[in-house]
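**Q** One structure follows; several queries about it will come next.
Computed from the coordinates by the stated procedures, all read-outs in this text should not be read as laboratory data. Note that the structure is predicted; figures quoted are calculated from it, not measured. FYI the Cβ positions are ideal-geometry reconstructions off the backbone, even for glycines, and counts take in every protein chain you see.
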There are 2 protein chains.
Amino acid sequence: MPRPKSKGPSGALKSASSGVSLKSLAEHLGLSQAAVSFVINRSPAAKSIPHRTQELIRTAARELNYRPNHLARSLRQQRSFTIGVVVPEISEGYAALVMSGIEDHLLQEGYFYFVVSHRHRAELIEEYPLLLQQRAVEGLIVVDTVLAESVDVPSVAVSGHRDVPGVTNIVLNHARAACLALQHLVDLGHRRLAFIKGQAFSSDTEVRWEAVREAAKKFGVEIKGQLTGQLEGESSSPLLGYQVTQKLLARGETFTGLFTFNDISAIGAIQALRETGRRVPEDVSVVGFDDIQSAAFQNPALTTVRQPLREMGMIAAETLLRRITAPAKAPYPKEIVVEPELIVRGSTARPSKSNEFA
Amino acid sequence: MPRPKSKGPSGALKSASSGVSLKSLAEHLGLSQAAVSFVINRSPAAKSIPHRTQELIRTAARELNYRPNHLARSLRQQRSFTIGVVVPEISEGYAALVMSGIEDHLLQEGYFYFVVSHRHRAELIEEYPLLLQQRAVEGLIVVDTVLAESVDVPSVAVSGHRDVPGVTNIVLNHARAACLALQHLVDLGHRRLAFIKGQAFSSDTEVRWEAVREAAKKFGVEIKGQLTGQLEGESSSPLLGYQVTQKLLARGETFTGLFTFNDISAIGAIQALRETGRRVPEDVSVVGFDDIQSAAFQNPALTTVRQPLREMGMIAAETLLRRITAPAKAPYPKEIVVEPELIVRGSTARPSKSNEFA
DNA sequence: AGAGCATAGTAAACCGATTTAGTAGGATTC
DNA sequence: GAATCCTACTAAATCGGTTTACTATGCTCT
């Protein structure tokens, strides 16, 4: 029995899945492909084709369920209507929220997107943008990721902080964010504060820490090395916050307020505090960052600095599409700043007099 | 001043982003495109080309940084190496975890994927699979979504329960899941149990409820209508669980155990229980479902039935690729069952004697 | 009557690859 | 010395559309 030469895929792509191609449609109508194409695309060239014929064409297209092959169209037009999105990790609340904002806008505008996650592996961070460009994406959105050198499609970085040519950065006003958090703690009466910095690879870590130091200076709060911890590890689990907080506590220095790098670590931190008998917020007030969905439903509900993540995604998509459709020479924004918001909930309170740990 | 006729995108796709096409590369080498293509693709036809020339070609390709245009290749080969993924919502823990499993396997195998989220809107559920097929995807993975009628590419449904031709269903062993949860509660000594069913649109809702009823019968537990609530609303927030639980409590019927549809709603439910002065687990034991990341870091930590979501995603991707590369006539699995696991944490305990609410 | 123009299209190039069929030239075989 | 084979390629078709340039016909205008 003769085998087929190439054992190709079973579901070989037959002209965009249905069997109808422009050619077959044109033949069916007894017209040229060009005429049909003009009408289907409402091209200006269709003006010389009488309405009667146009109707005929459209009806036939509908009846035969003709759907133009997007690959062919992209190839010819040099327009793929496709964007590449690069995130550190998909299953993380942060990236997921940004992505949902991105998707909202992109799909509305008729674009689709590829997602890739690099899990902080350097070689993937380098390779994926190239692979995406090979896939003819018209632009790139990178989330919490430092883009390697140059890309030759328009790009937008959410929480990007490096000045890379061709990249628009969407960034939070970290100075304000730090002020909001510290002011809140100071207003409540806290003076001895502990801090948890982000992982070294997170693009927000440096900028935010600088902002925190500025804010601390402004409010006359001392930042002690003994009371400063840093998240370690690739994953995004409360466990990291839990571990840092344990270390922090082990050093013996007392504090009544804790400002964490994100809500996830705040959750872990609270766990660690509790295990040593400290109550939140009676003994220690905790301020998170991001305002992920579950922040409001922790026990106690998290006081946190809200980043408008969904909007940041939408702005990223919007900015990118504007850049893609704008004339090449038009200048593009280097940076777009969004504002944080303090959400006061149950994890912060005045320091109590009867705090045995203070 | 003459305007350009078509105001095309600024970053017009120049042959996969760098300026090098197969044609230019071939010219540079003084060879035919065919020869270069053979060598680049290590096609069997390259065997007649001496190693010396092959080296030359590969070196030139590397130096000029030639990257084949994936669109052109896909069009010619009728292989896009692209999959479509349909989820209800991206920013949801459930879908995000499944997606991360899907991505893992797909990218490893050289496939990219488009993601679309339909937010339970019927017209999108219908339209997206078609749009994706127009984009020449070679297969579809749908998550917690009932696929409209027929698709003409191989498809896999995660938590799909309808028997749709051409679709492989990846499902949890719900019978076992329900048994695990009920057995745990019964073993602890609970008899009066309340239940929260999933939203009507969730594809797991029906099957799981049937399984719960079976299990209840088996353990001799009565399911009272008064003690049965149902999640309502599109979004995926603890708020929904909070609201149902309030309604449940308002009916006045007492219970000591609560089995919720998912962890998210369990979190909301606990909040509602607390607000009426009930302690978890002392007064009411709560069992969640899914084991999302934050389940372990709730207070109390959630006892829950774990679904291996990431693995389900991986299995989905694996199964789909196998189907795509398999000969057309090969039979494909209609259903793949994965097993749940009971994770016992702090939200369940023996019912206390001193329960004023029981 | 012939120029000019609008109408209703068509033929063919093109996008950038892959792939089939074929060819030129030298070596080997009979 | 002709037939055959092998080597090292090339020309051209093809995928399914879009787009440019052109044509054939009929009508109007002078």
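**Q** For the protein assembly as shown, what is the mean residue ellipticity at 222 nm derived from helices alone (per DSSP H run of n ≥ 4: -39500 (n - 2.57); sum divided by total residues; nearest 500 deg cm²/dmol)?
**A** -12000 deg cm²/dmol
**Q** Restricting to chain A, what percent of DSSP beta bridges are antiparallel, rounded to 5?
**A** Of all bridge pairs located within chain A, approximately 10 percent are antiparallel.
**Q** Need one word for the stretch A:58-194: rounded, prolate or oblate. Basis is the Cα gyration tensor (sqrt eigenvalues a ≥ b ≥ c); a/c below 1.5 gives rounded, then a/b vs b/c decides. Please report the intermediate quantities before stating the final value.
**A** On the way: a/c = 3.08, a/b = 2.07, b/c = 1.49.
It comes out prolate by the Cα gyration axes.
**Q** Let me ask you something else. Could you tell me the largest-minus-smallest coordinate of the C-alpha atoms of the stretch A:238-344 on each of the three principal axes, in descending order and whole angstroms?
**A** Principal extents (largest minus smallest coordinate, Cα): 62, 27, 20 Å.
**Q** Looking only at other chains, what is the average number of their beta-carbon atoms within 10 angstrom of each beta-carbon in B:98-104?
**A** So the per-residue partner count for this stretch is 4.
**Q** Something else about it: What percent does the relative contact order of chain A come to when contacts are Cα pairs within less than 8 Å and at least six residues apart?
**A** That works out to 16 percent.
**Q** Give a residue-ordered list of calculated ³J(HN,Hα) values for the stretch A:67-84 (Karplus: 6.51 cos²θ - 1.76 cosθ + 1.60, θ = phi - 60°; whole Hz; x for Gly, Pro).
**A** Couplings: 10, x, 6, 5, 4, 4, 4, 4, 4, 5, 7, 6, 9, 9, 6, 9, 10, x Hz.
**Q** While we're looking at this one, here's another question. Of B:247/B:353; A:23/B:329; A:353/B:353; A:47/B:23, which ones are farther than 27 Å apart at the Cα?
**A** Details: B:247/B:353 25 Å; A:23/B:329 29 Å; A:353/B:353 36 Å; A:47/B:23 36 Å.
Among B:247/B:353; A:23/B:329; A:353/B:353; A:47/B:23, the Cα-Cα distance tops 27 Å for A:23/B:329; A:353/B:353; A:47/B:23.
**Q** What is the diffusion coefficient of the stretch B:294-358 in µm²/s, taking the Kirkwood radius over Cα pairs and the Stokes-Einstein relation at 25 °C with a viscosity of 0.890 mPa s?
**A** 158
**Q** Which value, in debye to the nearest 20, describes the size of the charge dipole of the stretch B:55-184 about its Cα centre when Lys and Arg Cβ atoms bear +1, Asp and Glu Cβ atoms bear -1, and nothing else is charged?
**A** Dipole size: approximately 380 debye.
**Q** Using the 10 angstrom Cβ neighbour count as an exposure proxy, how do B:290, A:163, B:104, A:152 rank, fewest first?
**A** With the sparsest Cβ surroundings first, the list reads A:163, A:152, B:104, B:290.
**Q** A follow-up question, please. If amide hydrogens are placed 1.01 Å from N in the peptide plane, which non-local residues have theirs closer than 5 Å to the one on residue B:338?
**A** B:171, B:172, B:173
**Q** Tilt of helix A:309-325 relative to the longest C-alpha principal axis of chain A, in degrees (0 to 90, nearest 10)?
**A** 40
**Q** Given springs between every Cα pair under 10 Å in a Gaussian network model of chain A, which of A:150, A:32, A:159 has the largest fluctuation?
**A** With Cα springs under 10 Å in chain A, the top fluctuation among A:150, A:32, A:159 is at A:32.
**Q** Here's another thing I want to ask about it. As I understand it, the value is the acute angle between the Cα axis of helix B:93-108 and the longest principal axis of the Cα atoms of chain B; what does it come to in degrees, rounded to 10?
**A** Approximately 30 degrees, to the nearest ten.
**Q** When chain B is treated as a GNM, springs tying every alpha-carbon pair under 10 Å, which of B:276, B:59, B:245 comes out with the largest mean-square fluctuation?
**A** B:59
**Q** Which of A:99, A:265, A:48 sits closest to the plus end of the dipole of chain A, meaning its Cα is farthest towards the positive end, when Lys and Arg get +1 and Asp and Glu get -1 on the C-beta?
**A** Highest projection toward the positive end goes to A:48.
**Q** Measure off 7 Å from each Cα along the Cα-to-Cβ vector at residue B:235 and residue B:354, then give the distance between these two points in nanometres to one decimal.
**A** The modelled label-to-label distance comes out at 3.9 nm.
**Q** List the residues, sorted by chain then number, that are 5 or more residues from residue A:113 or on another chain and whose placed amide H is less than 5 Å from its amide H.
**A** Amide H neighbours of residue A:113: A:83, B:115.
**Q** Follow-up question, since we're still on this one. Reported to two decimal places, what Rg/Rh ratio describes chain A when computed on Cα atoms with Rh from the Kirkwood expression?
**A** When Rh is taken as the Kirkwood radius, the ratio is 1.15.
**Q** Once phi is turned into ³J(HN,Hα) by the Karplus curve 6.51 cos²θ - 1.76 cosθ + 1.60 with θ = phi - 60°, what whole-Hz value does each residue of the stretch A:199-208 show in order, with x for glycine and proline?
**A** 4, 4, 7, 6, 6, 7, 3, 4, 4, 5
**Q** Averaging sequence separations of C-alpha pairs under 8 Å and six or more residues apart, then dividing by the length of the stretch A:238-358, give the relative contact order as a whole percent.
**A** Reported relative contact order: 30 percent.
**Q** Can you list residues from other chains, or at least 5 along the same chain, whose modelled amide H is less than 5 Å from the amide H of residue A:142?
**A** For residue A:142, whose amide H was placed from the backbone, the distant partners under 5 Å are A:86, A:156, A:157, A:158.
**Q** In addition: With all distinct Cα pairs included, what does the Kirkwood hydrodynamic radius of the protein assembly as shown come out to in Å, to one decimal, could you say?
**A** For the protein assembly as shown, inverting the mean 1/r across all distinct Cα pairs yields 28.2 Å.
**Q** Hey, another quick one. Could you work out the mean count of beta carbons from other protein chains within 10 Å of each residue's beta carbon in A:78-84?
**A** 4
**Q** Highest GNM mean-square fluctuation, chain A, Cα pairs closer than 10 Å: which of A:57, A:102, A:223?
**A** Result for chain A, Cα springs under 10 Å: A:57 fluctuates most.
**Q** Give the relative contact order (percent, whole number) for the stretch A:272-330; include only Cα pairs under 8 Å separated by 6+ residues.
**A** Once normalised by length, the contact order is 23 percent.
**Q** Further question: To the nearest whole number, what is the average tally of beta carbon atoms from other chains within 10 Å of the beta carbons of peptide B:290-299?
**A** 6
**Q** Still on this structure, I have one more. Fewest first, what order do A:100, A:354, B:285 take by the number of other Cβ atoms within 10 Å? Before the final figure, lay out each step's value.
**A** Values: A:100 20, A:354 7, B:285 24.
If I rank by nearby Cβ atoms, fewest first, I get A:354, A:100, B:285.
**Q** Going by C-beta contacts inside 10 Å, put A:143, A:337, B:87 in order with the fewest on the left.
**A** Least to most surrounded, the residues fall as A:337, B:87, A:143.
**Q** Just the number, please: percent antiparallel of the DSSP beta bridges in the protein assembly as shown, rounded to the nearest 5.
**A** Taking every DSSP beta bridge within the protein assembly as shown, about 10 percent pair in antiparallel fashion.
**Q** Quick one: check the C-alpha center-to-center distance for the stretch A:272-337 versus the stretch B:289-308, whole angstrom.
**A** 24
**Q** Which whole-Hz ³J(HN,Hα) couplings does the stretch B:40-52 yield from phi under the Karplus relation 6.51 cos²θ - 1.76 cosθ + 1.60, θ = phi - 60°, glycine and proline marked x?
**A** The phi angles translate into 4, 8, 6, 5, x, 5, 6, 5, 8, 9, x, 4, 3 Hz.
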